[in-house]
Amino acid sequence: MKKILFVLVFIRLFLNASAQFPQPPVNQKQLIIETENTALVLSVANNHKLYQVYLGEKLKNSEDYKLLPTLHEAYIPSGTDNLFEPAIKMLHNDGNQSLELLFADEKVTTDGNLITTSILLKDPKYPVEVRLNFTAFQKENIIKTWTEIKHQEKKPVIISNFASSMLHLDADKYWLTQFHGDWAKEMRMEESQLTSGIKTIDSKLGTRANMYQTPVFFLAKNKPADENSGEVIAGTLGWTGSFQMLFEIDNSNSLRMISGINPFASEYHLNPNENFVTPEFLFTFSNMGKGQASRNFHSWARNYGVLDGNGSRLTLLNNWEATYFDFDESKLTELFGGAKELGVDLFLLDDGWFGNKYPRKDDRAGLGDWQETATKLPHGLGYLVEQAEAKGVKFGIWIEPEMVNPKSELYEKHPDWILKLPNRDEHYYRNQLVLDLTNPEVQEFVYKLVDDMLTKNPKISFIKWDCNRMMTNTYSAYLKDNQSHVQIEYVRSFYRVMERLRAKYPKLPIMLCSGGGGRTDYGALKYFTEFWPSDNTDAYERVFIQWGYSYFFPSITSCNHITSMGKQSLKFRTDVAMMGKMGYDIRVKEMTEAELKFSKEAVQNYNRLKDLIWKGDLYRLVSPYEEERAVLMYTSVDKSKSILFAYSLHPRAFGQFSPVRLMGLDANKNYRMEEINKMPNGRSRFMAEGKTFSGDYLMKIGLTLPNNSDLTSAVIEITEAK
Ligand code: DGJ
């Protein structure tokens, strides 16, 4: 009897356990998404669900992927058996909140370097379709993924989660690197180990992606991310608005990463047959640390992500930090002369040139009234364009077309064009409000402002497009009952305007600016040639800020200006600006003779080497987060030429930095060293000046750099010696 009881108890326990730990579904069909080095493998199982079975270094034999278990559903819906954060959540017409996504179809198309896999999933009970798209950029090792959501229910369904991407990882430990800050404190890098539960990086700003958090991350497996070793995923979302990146470690220590538009305040009423297309999430996998991941992003961005990414850029002199709002025609003409003297290509007129009833003499008035202030610029923009041309420089102009000051004619004429709550006080940030770009009339206003200006002044060669505030106290008179669409519709409308402008002005360089670095994302960079990283132009701070951006954005996109903000020498400030797209925000008239001579030579050096800086492979050699210095270099693809930048920060007195091993050279080539950007009569302390070394020596032994005291710098030109 005892025996029978024992057997019964055992059977019961066994049945319980198998209910609790069901057998994993069996792989039936593999969908392999590969670049030259990376694989993301999905699999359809016998229960018809889609699973992610692998993400990492590509295997030699694709048959081996079949051995992997189906642990993680690829794009997990809400309301059925999921107990953790979902990728998608939907409320059906009948009040049911459940969604089940089963594999229906797959399509693969190849277009040279791009292979796109599109997977259709369908709910067996409701007419709902979800399409997961993946474009694998073979050479760049980047995967772009986005999702489309559609249904044929009778009335709109409500979607409240709509991820662009869901990815799964399995490791013992996960290290997340995020980049955060605030105005003038952009891109502060911080790494921490993830623990069980959810960590979210997000923003709720509406008109811009970043200010407090940037939509980029590194996720390193097992150990903190290194520059040159270890397995790391680098990801970013191409969306110029509120974003969310969520990392959740579950009960089995598996990690799910969900990226997309921030669901915050954005329940979306999806009409029957409307296709909801999410923004693109871009990621790369590197088993050689963050350095390789950055190089992948840089070449992808130049080839596909940034407008005219392989083209050229204009060097410029901007008047913002030189004059702020305090200028007139004669001051500007003097600055044109300064630009010419320096040898830069263009003069950029910043904020403060418009408004008559409410002249823009500070940031409290005039925004929205885009007519030249007659008392300040009596002869108008056309005259300035001509004057600049007569001095031998091109002319560019600042606008902030999405915004309005309450003290403006635009505000008086069109209060309904403004995002503001009808029943509460207006809430200002920089004394301004956001226009309701979701309204087609406002889109037309913004388009026409740019188009009319360019039609009237076809010689305007550059635009700086600013956006100095986020959404607060927001309500759209145009969207009426659909207030939860404001955040999403705003960004879509911004892109709509840019599409139209780019159809007419496909190549015009436009700088993307957002009160510092608030708009630095690949959603907008499709339409823009470059971005303004920060209003903090202190060269010491800039070493860190530009270093931060360099992880995800190529140097050709980063506008770095030499200004008077920092206390460093002109040489230090110039050398820091030179690591990206160099420009000036300075009064040339106030330079000493030696400073002017130095600057003119620096511009010439830059013109000679800018292609190498913009298009070379970046190697970050010494991080300012690890030592009191920063060293980086760019190397041409054929490895015949490099340029190295070294910045000493605040080292202890009498210290000596150790030699720096170079990277990316050809071990079999010989290279000659030359220090450039020296102050007139300045003696080079570079011991290797004029000497030749093998690439092997430089990469195994390294170079002793000349700058080792407080806030000093060196730029070394490295040329193959034949
Ligand atoms: C914020 C930008 O970041 C600055 O460079 C400058 O253009 C000001 N706006 C002008 O208001």
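In the list SER286, SER330, SER299, SER312, which residue meets the criterion of being away from the ligand (no atom under 16 Å from the Cβ), of a type in the set (Ser, Thr, Tyr) and buried (at least 23 other Cβ atoms within 10 Å of the Cβ)?
Values: SER330 fails: buried (at least 23 other Cβ atoms within 10 Å of the Cβ); SER299 fails: buried (at least 23 other Cβ atoms within 10 Å of the Cβ); SER312 fails: buried (at least 23 other Cβ atoms within 10 Å of the Cβ).
Of the residues listed, the single one that is away from the ligand (no atom under 16 Å from the Cβ), of a type in the set (Ser, Thr, Tyr) and buried (at least 23 other Cβ atoms within 10 Å of the Cβ) is SER286.
Here are some residues: ASP436, ASP452. Which one is among the acidic types (Asp, Glu), at pLDDT 95 or above, touching a Ser or Thr at 6+ places or on another chain (Cβ under 8 Å) and away from the ligand (no atom under 16 Å from the Cβ)? Walk me through how you get there before you give the answer.
Values: ASP452 fails: touching a Ser or Thr at 6+ places or on another chain (Cβ under 8 Å).
Unique residue meeting the criteria: ASP436.
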Selection status of GLU595, of a type outside the set (S, T, N, Q), in a loop (DSSP other than H, G, I, E, B) and under 22 Å from ASP710 (Cα atoms): no
Looking across the range 479-505 at residues that are touching a residue at least 60 places away in the same chain (Cβ under 8 Å) and open to solvent by 20 Å² or more (accessible area, probe 1.4 Å), the single one that is farthest from PHE347 (Cα to Cα) is ASN482
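Quick grid of which residues meet (1) out of contact with any Gly (no Cβ under 8 Å at 6 or more places or on another chain); (2) more than 20 Å from ILE142 (Cβ to Cβ); (3) of a type in the set (A, V, I, L, M); (4) at pLDDT below 95:
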{"residue": "HIS180", "(1), (2), (3), (4)": "yes, yes, no, no"}
{"residue": "LYS221", "(1), (2), (3), (4)": "no, no, no, no"}
{"residue": "GLU231", "(1), (2), (3), (4)": "no, no, no, no"}
{"residue": "GLY241", "(1), (2), (3), (4)": "no, yes, no, no"}
{"residue": "PHE247", "(1), (2), (3), (4)": "yes, yes, no, no"}
{"residue": "ASN253", "(1), (2), (3), (4)": "yes, yes, no, no"}
Is it fair to say SER164 is free of Cβ contacts under 8 Å to residues at least 40 places away in the same chain and under 25 Å from PRO215 (Cβ atoms)? no
Report, by residue number, each residue of the range 424-441 that is open to solvent by less than 10 Å² (accessible area, probe 1.4 Å) and assigned to a strand (DSSP E or B). GLN432, LEU433, VAL434, LEU435
What tally of residues in the range 506-522 results from selecting those that are at pLDDT 95 or above, within 13 Å of the ligand (Cβ to nearest atom) and surrounded by fewer than 24 Cβ atoms within 10 Å (Cβ to Cβ)? 0
When the range 612-628 is checked residue by residue, the ones that are free of Cβ contacts under 8 Å to residues at least 60 places away in the same chain and either open to solvent by 10 Å² or more (accessible area, probe 1.4 Å) or of a type outside the set (Gly, Ala, Ser) (or both) are LEU612, ILE613, LEU621, VAL622, GLU626, GLU627, GLU628
Any chance the range 540-550 includes a residue that's more than 20 Å from the chain's Cα centre (by Cα), at pLDDT 95 or above and closer than 30 Å to CYS467 by Cα? yes
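Residue-by-condition table, conditions (1) over 30 Å from SER476 (Cβ atoms); (2) small (Gly, Ala, Ser); (3) crowded, with 19+ Cβ neighbours inside 10 Å; (4) outside the structural domain of ASN141 (by TED's automatic domain parsing):
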residue: HIS168; (1), (2), (3), (4): yes, no, yes, no
residue: TYR174; (1), (2), (3), (4): yes, no, yes, no
residue: TRP183; (1), (2), (3), (4): no, no, no, no
residue: TYR212; (1), (2), (3), (4): no, no, no, no
residue: VAL232; (1), (2), (3), (4): yes, no, yes, no
residue: GLY235; (1), (2), (3), (4): yes, yes, yes, no
residue: TRP239; (1), (2), (3), (4): no, no, yes, no
residue: PHE243; (1), (2), (3), (4): no, no, yes, no
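Taking into account only those residues within the range 339-356 that are of a type in the set (Gly, Ala, Ser) and surrounded by fewer than 24 Cβ atoms within 10 Å (Cβ to Cβ), which is farthest from the ligand (Cβ to nearest atom)? Lay out the reasoning, then the answer.
Of the range 339-356, the ones of a type in the set (Gly, Ala, Ser) are 339, 343, 352, 355.
Okay, now just the ones that are also surrounded by fewer than 24 Cβ atoms within 10 Å (Cβ to Cβ), so 343, 352.
Values: GLY343: 22, GLY352: 8 Å.
If we take residues in the range 339-356 being of a type in the set (Gly, Ala, Ser) and surrounded by fewer than 24 Cβ atoms within 10 Å (Cβ to Cβ), then GLY343 is farthest from the ligand (Cβ to nearest atom).
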So, in the range 365-391, of the ones that are part of a loop (DSSP other than H, G, I, E, B) and under 34 Å from the mean Cα position of the chain (by Cα), which residue ends up surrounded by the fewest Cβ atoms within 10 Å (Cβ to Cβ)? GLN371
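Results for (1) acidic (Asp, Glu); (2) open to solvent by less than 50 Å² (accessible area, probe 1.4 Å); (3) within 29 Å of the chain's Cα centre (by Cα), shown as yes or no for each residue.
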position: PRO86; (1), (2), (3): no, yes, yes
position: GLU106; (1), (2), (3): yes, no, no
position: THR109; (1), (2), (3): no, no, yes
position: THR135; (1), (2), (3): no, yes, yes
position: GLN138; (1), (2), (3): no, yes, yes
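Hey, does the range 220-228 have a residue that's under 18 Å from the mean Cα position of the chain (by Cα), within 24 Å of MET663 (Cβ to Cβ) and crowded, with 21+ Cβ neighbours inside 10 Å?
No - not one qualifying residue is present in the range 220-228.
Might you let me know whether the range 562-578 holds any residue that is within 16 Å of the ligand (Cβ to nearest atom) and within 22 Å of the chain's Cα centre (by Cα)? Don't jump to the end; show me each part of the working.
To start, the set of residues in the range 562-578 that are within 16 Å of the ligand (Cβ to nearest atom) comprises 562-566, 577.
Those still in the list that are within 22 Å of the chain's Cα centre (by Cα) too: 577.
So far as the range 562-578 goes, yes, one or more of its residues are within 16 Å of the ligand (Cβ to nearest atom) and within 22 Å of the chain's Cα centre (by Cα).
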When both residues are 6+ apart or on different chains and their Cβ atoms are under 6 Å apart, which pairs have a first residue that lies in the range 306-324 and is in a strand (DSSP E or B), and a second that is open to solvent by less than 10 Å² (accessible area, probe 1.4 Å) and within 16 Å of the ligand (Cβ to nearest atom)? LEU316/LEU346; LEU316/LEU348; LEU316/GLY583; LEU317/PHE347; LEU317/TYR584; ASN318/LEU348; ASN318/ASP350; ASN318/ASP585
Unmet requirement for ILE545, which otherwise passes all of (1) open to solvent by less than 10 Å² (accessible area, probe 1.4 Å); (2) more than 14 Å from the ligand (Cβ to nearest atom); (3) within 29 Å of VAL622 (Cβ to Cβ); (4) of a type outside the set (Lys, Arg): (2)
Considering only the range 317-324, I want to know if a residue exists there that is more than 15 Å from the ligand (Cβ to nearest atom) and either crowded, with 18+ Cβ neighbours inside 10 Å or more than 23 Å from the chain's Cα centre (by Cα) (or both). no
Can you tell me which residue within the range 455-478, out of those that are outside any loop (DSSP other than H, G, I, E, B) and out of contact with any helix residue (DSSP H, G or I) (no Cβ under 8 Å at 6 or more places or on another chain), is farthest from the ligand (Cβ to nearest atom)? THR455
Looking at the range 190-208, is at least one residue open to solvent by less than 10 Å² (accessible area, probe 1.4 Å), touching a residue at least 60 places away in the same chain (Cβ under 8 Å) and β-branched (Val, Ile, Thr)? yes
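The values are calculated or read from the model by the stated rules, or taken from the named source; none is laboratory data. None of these values were measured; they are calculated from a predicted model. Counting neighbours? That spans all protein chains shown, and the Cβs are built from the backbone with ideal geometry, glycine included. Side chains are part of the model used for accessible areas, which takes the heavy atoms of the whole protein and leaves out ligands, DNA and RNA. Shrake-Rupley method; radii C 1.70, N 1.55, O 1.52, S 1.80 Å.
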